[in-house]
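The values are calculated or read from the model by the stated rules, or taken from the named source; none is laboratory data. The structure displayed is predicted, hence computed values, not measured ones. As a convention, Cβ positions derive from the backbone with ideal geometry for all residues, glycine included, and neighbour counts pool all protein chains shown.
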Ligand code: HEM
């Protein structure tokens, strides 16, 4: 087939997948801006892009484009190296028009891939993947702002991201205009114009990414995503499905109550309930209690239902514990209390 067997066809595939990836990166950058302008809305976007069929289909298409782009880049690089043969060891004077990035597209691609692996471990693996696999996690997968908090509170994260952004700038800047050349649009008037457009487009996107990384780092170090009132109210509502899932009709009632109560009250109430239920379940495990339960009709079913309810409350309490343990305001209060003379 022409697309896969000829060098022009392969370049065409690189251009097509590259164009798609430029559009994805641009969209992704705009979406991140929501996390700065309105963090609570960002979590709603994360929920929308969770494990729904349309989000999964989009992720699968994106993954396919990334993989095809990498495979073809490798094939073309190997081919080019072979075509040059011994010439690569000869001292050749390269034309000035061949830019640094064009000679280093493959290496830049490897740097971007390394960044992407770190990035996907920090975000996608804890969000969409956790939802798809149905794993339990202390932070609900829809809490995008808390994953930003977790990632950017690490001092190495901004460093890795800035390196990734620099490599992405060079890679996309060259790839953007050269993809037009690959599809045959090799025109002396348009190529200089396309170079300008690509430089502007890519620079704006990368500068936005850099600004976002700086703002996320500052905010994460201030604990903004843990203490912001609007976000806290949203995190509180995120525990409702955990309880509703395990408690049936009773859970729906409790869920409604949680939505109407302030964060502090819910946090205290759920954590107390968790302690009580865990203690009760522990008591039920004693041999005497086990005998009583087994001797009563429906006793075991009641115990199973109770264990299920306790599991829902336990998940909610674990998330509230995380928020409390990482809250810099709580830390400051505890510090003050320990420093006060007794
Ligand atoms: C400040 C910088 C960035 C932040 C805060 C950020 C944030 C995120 C988040 C929260 C997700 C998970 C979305 C979800 O699963 O619901 C994600 C996914 C992803 N990000 Fe980023 N991102 C950043 C930069 C980048 C860059 C520069 C690239 C490309 C080189 C990139 C490529 C991806 C990809 C490929 C996914 C997986 C998308 C999917 O499967 O649908 N991200 N990012």
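I need a count of the residues in the range 198-223 that are more than 13 Å from the ligand (Cβ to nearest atom) and in contact (Cβ under 8 Å) with a residue 12 or more places away in the chain.
So the answer is 7.
Listed here are the residues, each with its yes/no results for (1) more than 11 Å from the ligand (Cβ to nearest atom); (2) out of contact with any helix residue (DSSP H, G or I) (no Cβ under 9 Å at 6 or more places or on another chain); (3) farther than 19 Å from residue 58 by Cα.
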| site | (1), (2), (3) |
| --- | --- |
| 118 | no, no, yes |
| 123 | no, no, no |
| 136 | yes, no, yes |
| 140 | yes, no, yes |
| 148 | no, no, yes |
| 151 | no, no, yes |
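Being farther than 30 Å from residue 33 by Cα, in contact (Cβ under 8 Å) with a residue 24 or more places away in the chain and not in a loop (DSSP other than H, G, I, E, B) is true for just one of 277, 254, 289. Which residue is that?
277
For the range 125-134, which positions are part of a helix (DSSP H, G or I), touching a helix residue (DSSP H, G or I) at 6+ places or on another chain (Cβ under 8 Å) and within 9 Å of the ligand (Cβ to nearest atom)?
126, 128
From the list 102, 97, 74, pick out the single residue that is more than 11 Å from the ligand (Cβ to nearest atom), modelled with pLDDT of 85 or more and under 24 Å from residue 166 (Cβ atoms).
74
Just need a number here: residues in the range 39-60 that are more than 9 Å from the ligand (Cβ to nearest atom) and either under 24 Å from residue 11 (Cα atoms) or assigned to a helix (DSSP H, G or I) (or both).
Within the range 39-60, residues that are more than 9 Å from the ligand (Cβ to nearest atom) and either under 24 Å from residue 11 (Cα atoms) or assigned to a helix (DSSP H, G or I) (or both) number 8.
Out of 229, 282, 264, 301, report the one residue that is within 19 Å of residue 39 (Cβ to Cβ) and either touching a strand residue (DSSP E or B) at 6+ places or on another chain (Cβ under 7 Å) or loosely packed, with under 13 Cβ neighbours inside 10 Å (or both).
The conditions single out 229.
Listed here are the residues, each with its yes/no results for (1) over 29 Å from residue 218 (Cα atoms); (2) more than 8 Å from the ligand (Cβ to nearest atom).
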site: 145; (1), (2): no, yes
site: 161; (1), (2): no, no
site: 164; (1), (2): no, no
site: 184; (1), (2): yes, yes
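Which of the numbered conditions does residue 158 fail, given that it passes all the others? Conditions: (1) closer than 23 Å to residue 25 by Cβ; (2) out of contact with any helix residue (DSSP H, G or I) (no Cβ under 7 Å at 6 or more places or on another chain); (3) buried (at least 18 other Cβ atoms within 10 Å of the Cβ).
Residue 158 satisfies every listed condition except (2).
What are the residues in the range 41-64 that are under 17 Å from residue 25 (Cβ atoms) and buried (at least 17 other Cβ atoms within 10 Å of the Cβ), if any?
Once the filter is applied, which keeps residues that are under 17 Å from residue 25 (Cβ atoms) and buried (at least 17 other Cβ atoms within 10 Å of the Cβ), the range 41-64 yields only 49.
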